[in-house]
Amino acid sequence: MAPEYNARMNSSTLSQQLPWHAARRARLTDRMQAAGGGIAVIPTAPEAVRNRDTHFPYRHDSYFHYLSGFTEPEAVVVLLAGTVNKSILFCRAKHEEREIWDGFRFGPAAAADVFGFDEAYAIEEFDTRIAQLMTGQSNLFYAMGFDGAFDARMLAAINSVRNLVRTGQTPPASTIDVRTMLDEMRLVKDAHEIDIMRRAAAISTEAHKRAMRASRPGRYEYEIEAELLHEFRRNGSEYPAYGSIVAAGANACVLHYVSNDAAMQDGDLLLIDAGCELRGYASDITRTFPVNGKFSGPQRDLYEIVLAAQAAARAATRPGTPYNLPHEAAVKMLAQGMLDIGLLTGSLDAALEQGNARSGGYFRFYMHRTGHWLGMDVHDAGPYKKGSPAANATNDAGSDAGWLSLQPGNMVTVEPGIYVRPADDVPKAFWNIGIRIEDDALVTPDGCEFITEACPRTVADIEALMRG
């Protein structure tokens, strides 16, 4: 490997990554062939201006990175599936002055070599070459509607080919959403992805432990957020996978609380939903614990209900199980627990029926799903249901019909919760208590594995860590 590559990436790291990306491109090309062949175009994300002449920290598009491993902006993957299959990368040209200001660029020649593409060209050549490449192709595999500026470039290319119809040149006759194919591929993680996600989970686990040790009455939520960010970055994570939720007391009853600016009071629970991103892959952990290190009686009662619900969902997370079944298992445990302590009245069947209809029952205190796909995006790509739109429209939250079945290699979160806002018919001892427990689960051939298992979860383990 040439010396300048080492300035950007360690050569051994690259050699471990790149075969995986080339294999994914080959798999996508096979799917394109099965759909009639053609040309696929997958651009990376555009840069975004933060204010005036400064940008937000750049983060690549997940679909693009899944196929390329390439992290520079202004880049496009093009795949040809036909009598000859070909992979092409468009990227920024080498530019000495811009590299002085902005840092290293691979450039087309090096990028083709290092990232395993058949050809590579400067991004400035894209508009001309893409019109030539799509001429005579039967299908265009492209995700229209996600980037208006790039859509305009693609439409301009298509129209430029149409204008040459009397010379015998024709554009693709149909457009197929390439993300639909990639979504199905991304649902099952390969060994390379699982290894990265295990490391991301380990980093996030240590960050949550650090946050528990650092919490005490009188500190501010943002101080604890800073502890999380320190641990993420110290261990090589590039970014948080999403905006960290650090919510004390009543703030924990706001599901997407992000202000993180309140003082923590003695007797508060602190709900932290935070995970790092590592080499393009997310982790996602939630823990809820007492700021003073000791659960009160009502806090413990609600916490044990949520913990039991998570255990029920975990037991149902296994191959062949409809995706919705772990949610149903958690909901049943939550509803029964709420009935037992007086948060709900009536029968279990009524609590479940009203909750599923979002008209009362458990839904009053638990209003979100028990998990989601996890991967390159924290709410990762991939469908949750199968079948026709009409069939999907008839599937309510309590029906197994239509849901995809879990399979080995799926990565999901398992995250039940209870959120109790003040109300006249709610026992005052439970007011302003919000609890969520979330772990990252890899579906295995015989069940599932919590890759975040090392993060303290039980009342005893949390209190022991905070005493220490």
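One line per residue, one yes/no per condition, for (1) basic (Lys, Arg); (2) more than 17 Å from Glu463 (Cα to Cα); (3) within 18 Å of the chain's Cα centre (by Cα); (4) assigned by TED's automatic domain parsing to the domain that holds Ala22:
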position: Ala207; (1), (2), (3), (4): no, no, no, no
position: Arg213; (1), (2), (3), (4): yes, no, no, no
position: Pro217; (1), (2), (3), (4): no, no, no, no
position: Tyr222; (1), (2), (3), (4): no, yes, no, no
position: Ala250; (1), (2), (3), (4): no, yes, no, no
position: Asp273; (1), (2), (3), (4): no, yes, yes, no
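When region 83-114 is filtered for residues that are over 25 Å from Thr29 (Cβ atoms) and in contact (Cβ under 8 Å) with a residue 60 or more places away in the chain, only Phe104 remains. The set of residues from region 146-182 being closer than 18 Å to Ala34 by Cβ and either of a type in the set (A, V, I, L, M) or assigned by TED's automatic domain parsing to the domain that holds Ala441 (or both) comprises Ala173, Ile176, Val178, Met181, Leu182.
The set of residues in region 157-190 that are without any contact (Cβ under 8 Å) to a residue 60 or more places away in the chain and closer than 21 Å to Met376 by Cβ comprises Asp177, Thr180.
Just one residue in the set Phe70, Phe90, Phe64 is more than 25 Å from the chain's Cα centre (by Cα), within 26 Å of Ala381 (Cβ to Cβ) and buried (at least 18 other Cβ atoms within 10 Å of the Cβ); that residue is Phe90. Here Ala152 does not qualify as surrounded by 15 or more Cβ atoms within 10 Å (Cβ to Cβ), farther than 18 Å from His65 by Cα and out of contact with any Phe, Trp or Tyr (no Cβ under 7 Å at 6 or more places or on another chain).
Restricting attention to region 326-372, and to residues there that are aromatic (Phe, Trp, Tyr) and under 22 Å from Trp403 (Cβ atoms), which single residue is farthest from the chain's Cα centre (by Cα)?
The initial filter retains those residues of region 326-372 that are aromatic (Phe, Trp, Tyr), namely 362-363, 365-366.
Next cut, under 22 Å from Trp403 (Cβ atoms) only: 362-363, 366.
Details: Tyr362: 27, Phe363: 25, Tyr366: 22 Å.
Among those that are aromatic (Phe, Trp, Tyr) and under 22 Å from Trp403 (Cβ atoms), it is Tyr362.
Among helices (runs of 4 or more DSSP H) entirely within region 321-393, having at least 2 residues that are in contact with a Phe, Trp or Tyr (Cβ under 6 Å, 6 or more places away or on another chain) and surrounded by 17 or more Cβ atoms within 10 Å (Cβ to Cβ) singles out 325-341, 348-356. Working only within region 113-153, note down all residues that are among the hydrophobic types (A, V, I, L, M, F, W, C) and closer than 21 Å to Val84 by Cβ. Hits for region 113-153 are Phe115, Phe117, Ala120, Phe126, Ile130, Ala131, Leu133, Met134, Leu140, Phe141. Are any of the residues in region 153-168 of a type in the set (Val, Ile, Thr), at pLDDT below 95, over 23 Å from the mean Cα position of the chain (by Cα) and outside any helix (DSSP H, G or I)? Within region 153-168, none of the residues are of a type in the set (Val, Ile, Thr), at pLDDT below 95, over 23 Å from the mean Cα position of the chain (by Cα) and outside any helix (DSSP H, G or I). All told, Ala120 meets the bar of being outside any loop (DSSP other than H, G, I, E, B) and free of Cβ contacts under 8 Å to residues at least 40 places away in the same chain. Inclusion of Leu79 among residues that are crowded, with 21+ Cβ neighbours inside 10 Å, under 19 Å from the mean Cα position of the chain (by Cα) and not hydroxyl-bearing (Ser, Thr, Tyr) is not warranted. Note on region 1-117: no enclosed helices (runs of 4 or more DSSP H) hold 1 or more residues that are modelled with pLDDT of 95 or more and outside the structural domain of Leu140 (by TED's automatic domain parsing). Scanning region 398-453 for residues that are part of a strand (DSSP E or B) and aromatic (Phe, Trp, Tyr) yields Trp403, Tyr419, Phe450. Taken together, the criteria place Phe126 among residues that are buried (at least 20 other Cβ atoms within 10 Å of the Cβ) and assigned to a helix (DSSP H, G or I). For the residues Ala48, Ala111, Ala93, Ala75, the requirement of being more than 29 Å from Pro172 (Cβ to Cβ) and among the aliphatic types (A, V, I, L, M) singles out Ala48. Going residue by residue through region 177-192, is there one that turns out to be out of contact with any helix residue (DSSP H, G or I) (no Cβ under 7 Å at 6 or more places or on another chain), hydroxyl-bearing (Ser, Thr, Tyr) and not in a helix (DSSP H, G or I)? The answer is no, given that none of the residues of region 177-192 is out of contact with any helix residue (DSSP H, G or I) (no Cβ under 7 Å at 6 or more places or on another chain), hydroxyl-bearing (Ser, Thr, Tyr) and not in a helix (DSSP H, G or I).
For the residues Thr444, Thr452, Thr458, the requirement of being at pLDDT 95 or above and surrounded by 22 or more Cβ atoms within 10 Å (Cβ to Cβ) singles out Thr452.
Considering only region 417-426, I want to know if a residue exists there that is under 21 Å from Met197 (Cβ atoms), out of contact with any strand residue (DSSP E or B) (no Cβ under 9 Å at 6 or more places or on another chain), assigned by TED's automatic domain parsing to the domain that holds Glu328 and at pLDDT 95 or above. No, every residue in region 417-426 fails to be under 21 Å from Met197 (Cβ atoms), out of contact with any strand residue (DSSP E or B) (no Cβ under 9 Å at 6 or more places or on another chain), assigned by TED's automatic domain parsing to the domain that holds Glu328 and at pLDDT 95 or above.
The values are calculated or read from the model by the stated rules, or taken from the named source; none is laboratory data. What you see is a predicted model; the values in this text were computed from it and never measured. Neighbour counts are summed over all protein chains in view; Cβ atoms, including those assigned to glycine, are modelled from backbone coordinates with ideal geometry.
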